[in-house]
Every structure is written in C-alpha cells, then in structure tokens.
Amino acid sequence: MTEMPYTPTDVERDALSRIRTCLGPKGWVDDAETLTPWLIDSRRVYEGRCLGMARPANTQEVAEILAIAYKAGLQIVPQGGNTGRVGGATPDTTGRQLLLNLGRMNSVRDVDAANYTMTVEAGCILKDLQGVAEQADRLFPLSLGAEGSCQIGGNLASNAGGINVVRYGNARDLVLGLEVVLPDGRIWSGLRRLRKDNTGYDLKQIFLGSEGTLGIITAAVLKLFPLPKERATALVAIADLDTAVTLLERARSASGDALMSFELMPGFALDWAEKYVEGAKQPFDTTYDWTILMEIGGPRTDGAARIALESLLESAFEDGLVIDAVLPQSEDQRAQIWFLREAIVEAQVREGAQVKHDVSVPVSQVPRFIREANAAVEEMMPGIRPYPFGHVGDGNIHYNLSQPIDMPAREFLGRYAELQHRVHDVALSLDGSISAEHGIGRSKRDELLRCKSAVELDMMRSLKTLFDPKGLMNPGKTIPDA
Ligand code: FAD
Ligand code: 2HG
Ligand code: ZN
C-alpha cells in the first residue's frame with residue numbers, strides 16, 4: 001500500500017515557503033531521489049519521511065529557519081553525515097518533520113596552532129578536520145570508522161568515541177567552545193578558546209551528547225594536540241581474554257601513557273573480514289581466540305615508540321601473555337592492519353542478521369562481561385554467534401550477535417529486544433552502561449528507563465523542557481516519555 005504524502009496545514013505551508021525563500025534553491029531539497037539516502041539510517045533499520053531537507057549555508061540561516069519553525073510548531077530533525085548507529089538522525093514516518101542537514105556549513109573559521117585550537121563549522125567532515133590539523137603540525141585525535149563521511153556537528157551532538165579515546169577522551173573532552181542555535185532561533189555564541197573558564201555552569205556540556213534534542217550545534221572550538229611523529233603499531237594474539245586487561249595496564253605504564261589505541265577483535269572476525277571485504281588480509285596463519293590492535297604514539301622520529309612497544313611485547317611473550325604478533329614495517333602495512341579493524345564491522349553484516357550493542361563496563365570487568373553475556377545469550381538461543389569487539393582500552397565492547405547459521409533472519413531479529421535486554425542486564429549488573437559511545441537516539445530510548453534513576457530522568461526532562469518548551473527538537477529521540 002502506498003502511503004499518502006502528508007498535507008501540511010496552512011500555517012505549516014506558510015512557514016515552509018518562508019524557509020525556502022530564506023535558504024534559496026541551493027538550501028532546499030525535496031525531490032525523492034536526492035532525499036532517499038538521508039531518510040534511512042546507517043544500520044538500515046529505520047526509514048522515515050519528511051517535509052523536505054533544509055541545507056543552511058550559515059548560522060544566521062539556521063537561526064532564521066528555527067525561528068520560523070518555532071512559531072509555526074514545525075518539528076526539526078537535525079542531521080550531520082547520517083552515520084549514527086541509533087536512528088537519531090532519521091525522521092519519523094509521519095512526513096510532518098523537517099530535516100535540517102548541516103553539510104553545507106563546512107568552513108574552518110580559524111586554525112590557531114599557537115593556542116592548539118581550531119574553530120570549525122558543524123558540517124565539516126571529520127577526516128578533513130584531521131587533515132587541517134595535520135597541516136598545522138597538530139593532531140585532532142577524534143577518529144572512527146565513519147570519519148570519511150560523519151560531520152563534526154554529529155560527532156559532538158552524539159559525543160562520539162572511536163579509537164583514540166584511551167589517550168585523548170571522547171568528543172566532549174575535545175571541545176573548548178560552542179556556537180548553538182536554540183530552538184526559538186536565538187544564537188548562543190560560546191566560541192571561547194579558554195583552557196580555564198570557571199564562570200558558572202559549563203553550558204557547552206549540556207549540548208555535547210544531546211543528540212539534537214536541545215538545539216543545533218553550528219560551530220565549535222576544538223582542542224588540538226602535538227602531532228605524534230611516530231606511531232608504533234602491533235596486532236597481537238593474546239593467551240586469553242583476561243590477558244587483555246593485564247596487557248593494557250602494562251602498555252599504559254610502559255609507554256608513559258602514550259598508548260593511543262587498544263582494540264579487541266576475536267580471531268574469527270579477522271577471517272570474516274578477509275572472506276567478505278575486498279582488500280582485507282588476515283595476517284596470522286592461525287585463527288586465534290583473541291587479538292589486540294595497539295598503537296603507541298611518540299613525539300620524535302627516533303624510533304623510541306617502537307623500541308618501547310617491542311620491549312613491552314618481549315616481556316609479554318616471556319610471561320605467556322602474548323602468543324603471536326605482527327608489527328607493520330611500513331605506513332602501508334600499518335594502514336592494512338587498521339583497515340582490517342574497520343572491515344570487521346562490514347564483514348559481520350555480510351554474515352547475516354545481527355543484533356548490535358555498544359556497552360561499557362569498568363575495564364577490568366570486560367572479560368567477565370563477555371563470558372557472562374556469552375553464557376546468557378547461548379542459553380536463550382543455542383547456536384547464536386557472539387561477535388564481541390571494540391575499544392577494550394575504554395571498557396567499551398560492541399557485543400554484537402550474529403544469527404545462528406540455520407535460523408531464518410526474521411526469526412532471529414524477532415528476538416532483538418529480548419536479546420538486547422538480556423545483554424544490557426549483564427552490563428548493568430557490572431556497573432556498566434547500555435550506550436558507551438553511540439548515544440540513545442531512537443533505538444535505546446526505552447532501555448534508558450532501566451538505567452536512569454527517577455531523579456536523573458526528572459533532571460533530563462526538565463532540561464529538555466527548559467531549552468525546548470514546545471518539544472520541537474528531534475522529538476521521540478533520547479528522552480523516554482514520562
Ligand atoms: P548523524 O548520524 O547525522 O547524527 C547523529 C545525532 O546527532 C542525531 O541525533 C542528530 O539529530 C544529531 N545531530 C547531527 N548534527 C547535529 C548538529 N549539528 N546539531 C545538533 N544535533 C546534531 N561512533 C563512535 O562513537 N565510535 C566509533 O568508533 C564509530 N564507528 C563507526 C563506524 C561506522 C562504519 C559507522 C557507520 C558509524 C560509526 N560510529 C561510531 C557512529 C557514528 O559515526 C558517530 O556516532 C558519528 O559521531 C555520527 O556523526 P554524523 O555526522 O553522521 O551524525
Ligand atoms: C566501531 O567501533 C563502531 O567500529 C561501529 O563503533 C560498531 O557498528 C558497530 O557495531
Ligand atoms: Zn565503536
């Protein structure tokens with residue numbers, strides 16, 4: 001059955017016409033073909049409809065659109081690169097919501113190498129920003145698999161994590177100042193570059209990780225760091241899961257806390273990557289149970305980081321923690337190993353239906369979490385194939401599940417909520433979180449009720465009402481209904 005398009009009310013029609021005039025032809029998209037990819041989320045779980053997509057070119061235009069929308073009661077769904085994993089940037093199916101994509105706001109306003117900052121607009125692609133920082137002999141450390149298409153506004157709105165958190169923190173730790181357009185169209189110019197600013201509430205932190213529910217992030221002052229001149233990388237096979245924690249402790253101390261990445265991958269995930277993803281190559285002859293991809297940064301090109309890594313691994317071999325290792329000998333080989341890490345995400349998609357998780361527990365509890373979650377899901381569904389990987393250095397595991405080989409995908413996905421609930425039980429029982437880095441969005445909104453106290457929920461809802469009294473910003477996302 002074809003769904004009828006939504007017919008806007010007179011007030012909405014008038015508001016849309018004024019928005020289109022304000023944006024001009026380059027700033028408005030409503031043809032179905034161009035819109036389609038922006039109406040489906042990156043996991044292909046949600047598909048929505050919308051009144052059209054506004055693509056403002058600057059902060060003033062965002063302010064004007066929001067002011068018009070506020071008066072007319074139009075709902076807004078903010079969107080960056082649309083790579084989010086929780087359906088936060090997808091409109092609902094009513095067709096009544098307006099998509100607001102920041103992609104045209106992609107200027108770097110300032111790079112200040114002396115103060116180790118850059119000021120950028122929300123629509124800048126993350127990978128481009130890493131390049132801009134590097135040009136200035138600086139590092140912008142946020143790095144994740146979707147960096148070629150996600151936008152910094154989306155990264156900040158979802159407080160993204162990624163592969164360098166163990167050394168540099170989450171997105172929220174990398175921000176000094178923000179510019180935000182509030183739901184009624186007022187602009188908050190908070191683009192301060194100060195390392196110390198203790199003048200009352202830290203308002204930027206309220207918008208970081210708010211997933212488009214409180215306002216539109218239009219620009220940010222980002223922290224930069226000295227650019228590591230050397231990166232020493234190793235892919236190692238470890239004796240067992242508990243070893244990951246011991247090796248992490250040793251790596252942090254031995255490197256003087258210059259450990260940048262510490263990623264866990266099950267050995268069979270490397271096989272799947274090689275099988276399904278063109279260009280991915282499993283470097284070991286054996287399928288080990290567990291592998292760790294680790295990287296240490298160094299300030300000079302004198303090989304000191306590599307020496308530190310080699311001596312760490314030597315002692316780990318002697319003590320039986322590490323049973324095999326590959327150390328790339330060139331930048332190309334290093335890139336291949338990182339490609340393998342990214343490829344395991346796509347490989348799992350190709351192996352059938354999946355249930356995804358993004359949990360965190362205290363780092364020392366990761367082995368226990370994986371063991372207990374494995375036992376729990378195997379009991380619920382014999383033959384299920386756990387595929388746990390991720391940022392073990394931060395206690396963050398993507399405890400993904402692949403369908404049993406002989407089970408129809410539909411039957412497996414029919415038990416999505418039940419499996420998710422059970423895995424979250426295990427994480428919560430270990431003082432963990434149901435969302436470490438992907439956010440809540442639409443897919444985990446109801447699960448939030450299980451892990452926030454009444455007081456916390458009350459504070460969240462009060463903030464929402466304060467900033468967005470008409471409930472127009474990304475409705476149905478992040479904040480569970482009362
Ligand atoms: P979108 O998906 O467009 O939006 C995300 C949320 O932010 C939505 O709620 C949206 O409404 C809101 N939003 C977007 N822009 C704005 C704005 N300017 N103002 C206000 N609200 C806004 N995430 C990680 O944390 N770590 C990873 O390692 C990681 N790896 C990934 C690998 C792959 C292959 C993929 C596909 C995704 C991965 N992600 C990861 C998830 C995703 O890339 C991140 O969450 C990213 O930060 C989202 O950015 P985006 O620009 O695509 O935002
Ligand atoms: C990663 O760490 C991402 O690769 C994506 O956070 C995880 O989609 C996933 O399962
Ligand atoms: Zn991740």
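The values are calculated or read from the model by the stated rules, or taken from the named source; none is laboratory data. Since this is a predicted model, take the numbers as computed values, not measurements. With ideal geometry, Cβ positions are generated from the backbone for all residues, glycine too; neighbour counts draw on all protein chains shown. Heads up: the accessible areas ignore ligands, DNA and RNA and are worked out on the full protein's heavy atoms, side chains in. Shrake-Rupley method; radii C 1.70, N 1.55, O 1.52, S 1.80 Å.
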Subject >> Whichever lysines have a C-alpha closer than 26 Å to that of K452, once near sequence neighbours (fewer than 8 apart) are set aside >> reply: K204, K356, K444, K464, K470, K477
**OP:** Would you mind counting up the charge near T36? Only other residues with Cβ under 13 Å from its Cβ, with Lys and Arg at +1 and Asp and Glu at -1.
**Re:** -3
Subject >> Relative contact order of the stretch 3-162, defined on C-alpha pairs under 8 angstrom at six or more residues apart (%) >> reply: 20
Original post:
Can you give the helix-only mean residue ellipticity at 222 nm for the chain, where every DSSP H stretch with n ≥ 4 adds -39500 (n - 2.57) and the sum goes over all residues, rounded to the nearest 500 deg cm²/dmol?
Top reply: -10500 deg cm²/dmol
**OP:** Can you tell me which of 32-41, 134-143, 152-161, 437-446 comes out highest on packing, and rank the rest after it, using the mean Cβ neighbours within 10 Å?
**Re:** 152-161, 437-446, 134-143, 32-41
Original post:
For the chain, what relative contact order do you get, as a whole percent, if you take Cα pairs closer than 8 Å and at least 6 residues apart?
Top reply: 15
Original post:
So for the chain: antiparallel DSSP bridges make up what percent, rounded to the nearest 5?
Top reply: 85
Original post:
If we count every other residue with Cβ under 15 angstrom of M407's Cβ, Lys/Arg +1 and Asp/Glu -1, where does the sum land?
Top reply: -2
Subject >> Whichever lysines have a C-alpha closer than 24 Å to that of K229, once near sequence neighbours (fewer than 8 apart) are set aside >> reply: K127
Subject >> Accessible surface, per residue, of the stretch 357-482 when the full set of protein chains is kept, probe 1.4 Å, Å² >> reply: 43
Subject >> Accessible surface of the chain, 1.4 Å probe, proportion on carbon and sulfur as whole % >> reply: 50
**OP:** Please give the FRET efficiency for S17 paired with D110, using the beta carbon to beta carbon distance and R0 = 25 Å, rounded to the nearest 0.05.
**Re:** 0.10
Original post:
For the stretch 10-101, what is the convex hull (Cα atoms) projected area averaged across all directions, in square nanometres?
Top reply: 5.6
Original post:
If you add up the charges near G48, with Lys and Arg at +1 and Asp and Glu at -1, over every other residue whose beta carbon is less than 9 angstrom from its beta carbon, what do you get?
Top reply: -2
Original post:
How high is the relative contact order of the stretch 243-307, in percent, with contacts defined as C-alpha pairs under 8 Å that are six or more residues apart?
Top reply: 37
**OP:** Return the loop-located chymotrypsin sites (Phe, Trp or Tyr not before Pro) in the stretch 104-213 (DSSP other than H, G, I, E, B) with at most 12 other Cβ atoms within 10 Å of their own Cβ; answer none if there are none.
**Re:** Y201
